[in-house]
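Encoded as structure tokens, the structure appears first; notes follow it.
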Amino acid sequence: MCQNCPVNSFQRRDARTALEATTYDVVVIGAGMTGAGVALDAASRGLHVALIDGGDIASGTSSKSSKMVHGGLRYLQQKEFRLVYENLRERQRLLENAPFLIRPLPFLIPLFGSHGVVSKTMVKGYATALRLYDLSGGWRIGKRYRRVTKDEALAHLPSLNTDRLVAGFLYQDARGDDARVALTLARSASLDFNADVANYVRAVSITHDPAGRANAVVCRDELNGTTFSVSTRTVVNATGVWADDIFAMAEHEPSRHVTPAKGVHLTVPRSRLAADIAAVLNVPGDRRSIFVVPFEDAPYTFVGTTDTAYDGPLDQPDCTPEDVAYLLNAVNASTSSNLTVNDVTGLWAGLRPLLVPAKGKKLSERTADLSRRHEVRDTKDGVIHVTGGKWTTYRQMAEDTVDALGPYVTRLVRVRTKNLRLHGTGPWRPASALETHLYNRYGQDATTLLAMIEENPPLGRETISGQSYVDAEFVYAARHEMATSLIDLVTRRTRAHLHDARATLRSADAITALVAPELGWDEEECRSQLDAYRQLANHEFTAAGLIL
């Protein structure tokens with residue numbers, strides 16, 4: 001252990017012990033962005049909170065987004081003006097409350113035409129939309145949209161099709177590592193407001209007292225198979241695409257409030273698709289666009305996303321060969337990169353928990369047309385269900401959900417999260433490349449990792465070739481971030497697997513050996529962890545028609 005590091009109580013074993021011995025004001029089921037946000041909102045307003053998840057923190061949709069904090073320019077086309085305003089307001093709050101995690105990101109819209117001329121109607125349409133975007137709150141980021149020349153556009157995305165490129169627009173949004181934001185919300189609830197957080201604790205039933213009020217959540221510890229009960233006054237169902245399952249569990253009746261939509265992303269080397277800002281590319285033959293986004297601090301670019309109806313297993317949505325072809329063809333139509341399946345180094349597929357349209361409204365065949373709004377449902381038994389939404393607006397979703405707990409708890413104070421700085425926000429600022437890398441992931445807590453490296457310099461070594469992660473990060477995740485498996489470490493605590501699965505596999509033995517003493521793994525368990533990760537990587541690539 002690092003002797004100079006502060007004591008950190010974000011430990012699963014501590015929370016797991018507390019769960020059986022405590023009566024909570026609220027048990028939040030689902031530790032994705034919404035559930036972690038609810039836990040922080042409730043705990044910061046004086047409630048005694050437990051946050052549980054049957055998997056890892058953010059292991060569902062909340063680690064598989066486009067990693068963008070944005071208002072949603074296309075929602076203006078759907079006349080969702082209030083949604084765009086709300087998104088941009090919450091984007092600004094995230095920029096202020098977690099400046100080390102959320103950073104501005106310019107977006108390029110290339111304008112294509114013929115013989116150096118672009119349609120005036122197209123230009124006017126984009127200009128009008130971008131002006132509305134700024135007026136809806138986009139301007140708060142400090143810059144407004146502007147027109148750029150062909151050369152300026154090429155400077156940002158050099159492989160754009162020069163034969164058709166005429167000019168472009170630049171506008172401002174933001175980026176953030178979704179999994180680390182969710183983790184930081186959970187840690188903020190725990191470390192700053194005494195919530196008990198435990199991953200790999202699955203809710204298997206909700207019990208009620210004779211008056212019909214929820215009074216406990218029966219849980220199964222997924223790491224040891226034991227079953228136990230957690231006493232509580234209220235329950236929040238914040239499980240995203242699994243919300244209907246929990247609704248049926250709590251209310252003993254089937255429901256369909258959520259319709260899943262699959263979104264897929266691919267990673268390619270930045271040498272094959274160079275970009276220093278994000279770009280929006282239209283998909284030929286489809287009324288959609290995709291994003292091209294450079295990964296921060298890594299020589300990779302990712303492309304996404306698809307938006308298709310999904311009816312398969314919720315726990316394992318796969319990227320298919322058709323998804324890969326869709327994204328590669330969309331990029332190749334606007335660039336000279338000529339990407340092929342051999343260029344793909346990483347991929348991920350997630351499910352959006354979209355609201356089923358209200359009765360009387362037709363279910364569109366295009367999931368892209370479904371609303372991204374959220375809904376809070378009180379079933380009058382002490383169980384609150386929050387569904388829909390998007391991760392940019394998690395804070396507002398959490399506020400609305402905790403407000404709905406008002407009739408069931410006695411000491412709920414006014415919301416605090418509008419201006420609440422997340423754990424890790426502080427005055428310390430980086431002065432070197434390594435410090436910058438760590439600051440952008442841990443904020444003020446980067447000083448703990450730097451102290452670990454100072455005490456044990458080998459922890460400052462690059463762990464995976466071509467990626468900026470250092471050994472100290474994996475040890476810190478095992479010690480202070482509730483990581484329990486190799487998969488936790490490479491898919492969510494770091495994004496190494498998403499960057500380059502093959503390179504990460506080559507370093508998997510070293511990572512396992514590094515954290516084994518922290519997690520108490522013997523040789524047999526190390527082999528089991530390696531096998532599980534290899535199986536995951538092989539399954540993902542095989543399902544997508546790729547060779548690992």
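Among (1) open to solvent by 30 Å² or more (accessible area, probe 1.4 Å); (2) part of a helix (DSSP H, G or I); (3) of a type in the set (Lys, Arg); (4) under 29 Å from residue 155 (Cα atoms), there is one condition residue 89 misses while meeting the rest; what is its number? Against the list (1) open to solvent by 30 Å² or more (accessible area, probe 1.4 Å); (2) part of a helix (DSSP H, G or I); (3) of a type in the set (Lys, Arg); (4) under 29 Å from residue 155 (Cα atoms), residue 89 comes up short only on (4). Does at least one position in the stretch 11-25 carry a residue that is modelled with pLDDT of 95 or more, β-branched (Val, Ile, Thr) and open to solvent by 10 Å² or more (accessible area, probe 1.4 Å)? Yes, the stretch 11-25 has at least one match.
Quick check on my filter: what residues within the stretch 36-53 are in a helix (DSSP H, G or I) and closer than 19 Å to residue 406 by Cβ?
37, 38, 39, 40, 41, 42, 43, 44, listed by residue number.
Within the stretch 284-332, the set of residues being open to solvent by less than 10 Å² (accessible area, probe 1.4 Å), farther than 20 Å from residue 176 by Cβ and free of Cβ contacts under 8 Å to residues at least 60 places away in the same chain comprises 306, 330, 331.
Going by the structure shown, is residue 469 surrounded by 14 or more Cβ atoms within 10 Å (Cβ to Cβ), touching a Pro at 6+ places or on another chain (Cβ under 6 Å), at pLDDT 95 or above and under 30 Å from residue 512 (Cα atoms)? So residue 469 does not fit the description; no. Annotation: of all residues in the stretch 190-220 being touching a His at 6+ places or on another chain (Cβ under 9 Å) and under 30 Å from residue 487 (Cβ atoms), the one that is surrounded by the fewest Cβ atoms within 10 Å (Cβ to Cβ) is 194. Restricting attention to the stretch 418-458, the residues being within 9 Å of residue 100 (Cβ to Cβ) and in a loop (DSSP other than H, G, I, E, B) number 4. Contact map, the stretch 393-417: residues that are among the polar types (S, T, N, Q) paired with residues that are open to solvent by 20 Å² or more (accessible area, probe 1.4 Å), Cβ distance under 6 Å, separation 6+ or inter-chain. Pairs shown: 393/86; 401/376. Among the residues of the stretch 139-198, the one identified as in contact with a helix residue (DSSP H, G or I) (Cβ under 6 Å, 6 or more places away or on another chain), under 21 Å from residue 73 (Cα atoms) and of a type in the set (Asp, Glu) is 178. The lone criterion from (1) open to solvent by 40 Å² or more (accessible area, probe 1.4 Å); (2) not in a loop (DSSP other than H, G, I, E, B) left unmet by residue 280 is number (1). Under the condition of being under 39 Å from the mean Cα position of the chain (by Cα) and either in contact (Cβ under 8 Å) with a residue 60 or more places away in the chain or surrounded by fewer than 10 Cβ atoms within 10 Å (Cβ to Cβ) (or both), the residues counted in the stretch 111-125 number 3. Residues in the stretch 132-144 that are open to solvent by less than 100 Å² (accessible area, probe 1.4 Å), within 14 Å of residue 173 (Cβ to Cβ) and either in contact (Cβ under 8 Å) with a residue 40 or more places away in the chain or not in a helix (DSSP H, G or I) (or both): 133, 136, 137, 138, 140, 141, 142.
The values are calculated or read from the model by the stated rules, or taken from the named source; none is laboratory data. Keep in mind the model is a prediction, meaning the values are calculated, not measured. Neighbour counts are summed over all protein chains in view; Cβ atoms, including those assigned to glycine, are modelled from backbone coordinates with ideal geometry. Side chains are part of the model used for accessible areas, which takes the heavy atoms of the whole protein and leaves out ligands, DNA and RNA. Shrake-Rupley method; radii C 1.70, N 1.55, O 1.52, S 1.80 Å.
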